[in-house]
Amino acid sequence: MTTVELTRFKVPADRADELLQARPAMLADFRDDREGFLDAQLIRVDDETWLDVVWWRSSEDFAASREKGANLPGIKAFFAPITELVSAEEGTTADYRA
């Protein structure tokens, strides 16, 4: 089973391009710095609401990532346009395919 992080957040519509431009560097930082990071998918729900779905090898890997926070430039740049955290959930899946 893998751990799934579901984070819903708000970004002003006029800063969506900033978020999307920062995404590749954020993912590269995660691949380099976050043990157990498997994959991520960013979903635009409406003009200002986004859902980030992130797969982790384990709940412990996800917890360790949360402890690090925005510790690298690519991650900081991705977080910069976010104005509101709407929700954050964690679950598990038995059918993740890399």
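The values are calculated or read from the model by the stated rules, or taken from the named source; none is laboratory data. The structure displayed is predicted, hence computed values, not measured ones. Glycine also receives a Cβ, built like all others from the backbone with ideal geometry; neighbour counts cover every protein chain displayed. Protein only, heavy atoms only, side chains kept; ligands, DNA and RNA dropped before computing areas. Shrake-Rupley method; radii C 1.70, N 1.55, O 1.52, S 1.80 Å.
Some observations on this one:
- Where residue 92 falls short, out of the listed (1) in contact with a strand residue (DSSP E or B) (Cβ under 8 Å, 6 or more places away or on another chain); (2) of a type in the set (Val, Ile, Thr); (3) modelled with pLDDT of 95 or more: (3)
- Within region 1-54, considering residues that are part of a strand (DSSP E or B) and either acidic (Asp, Glu) or touching a Pro at 6+ places or on another chain (Cβ under 8 Å) (or both), the one most open to solvent (accessible area, probe 1.4 Å): 39
- Enumeration of residues in region 55-75 that are aliphatic (A, V, I, L, M) and assigned to a loop (DSSP other than H, G, I, E, B): 70, 72
- Here residue 78 meets each of (1) outside any helix (DSSP H, G or I); (2) open to solvent by less than 50 Å² (accessible area, probe 1.4 Å) with one exception, condition (1).
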